[in-house]
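Report on the following structure.
The values are calculated or read from the model by the stated rules, or taken from the named source; none is laboratory data. Please read all numbers here as calculations on a predicted model, not as lab measurements. In this analysis, Cβ positions are derived from the backbone assuming ideal geometry, glycine residues included, and neighbour counts consider all displayed protein chains. Keep in mind that these areas ignore ligands, DNA and RNA; they rest on the heavy atoms of the full protein, side chains included. Shrake-Rupley method; radii C 1.70, N 1.55, O 1.52, S 1.80 Å.
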Amino acid sequence: MEWNDITKVLPKDEQKITVYDEGLQKELHRTFYLEFWQNNKRILDCSHFCRKWKPRE
């Protein structure tokens, strides 16, 4: 599964996703909340270094 650019392709609301935190250089499992993203431009419980995502396998 390819990584998506979060600024170009948003996950579905409440979708379970894997994000790549470039600051930590780790993959993190998160749930995407569209309203939180729209208000804060970042993923809940994830730093602004999370710019790539893919559906959780």
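Taking only DSSP H segments of four or more residues, each worth -39500 (n - 2.57), what value at 222 nm results for the chain once the sum is divided by all its residues, to the nearest 500 deg cm²/dmol?
-3000 deg cm²/dmol
Think of a 1.4 Å ball rolled over the protein heavy atoms: the chain then has 73 Å² of accessible area per residue. A 1.4 Å probe over all protein chains sorts R30, R51 by accessible area into R51, R30, starting with the largest. Expressed as a whole percent, the accessible surface of the chain that belongs to carbon and sulfur atoms is 46, based on a 1.4 Å probe. So if a site counts as exposed when it's one of the chymotrypsin sites (Phe, Trp or Tyr not before Pro), its DSSP state isn't H, G, I, E or B, and it has at most 15 other Cβ atoms within 10 Å, what's the longest stretch of the chain without one? Segment 4-48 is the longest. In this structure the amide hydrogen of N4, modeled in the peptide plane, comes within under 5 Å of the amide hydrogens of W53, K54, none closer than 5 places in sequence on its chain. Once the convex hull of all Cα atoms in the chain is built, its volume per residue stands at 70 Å³.
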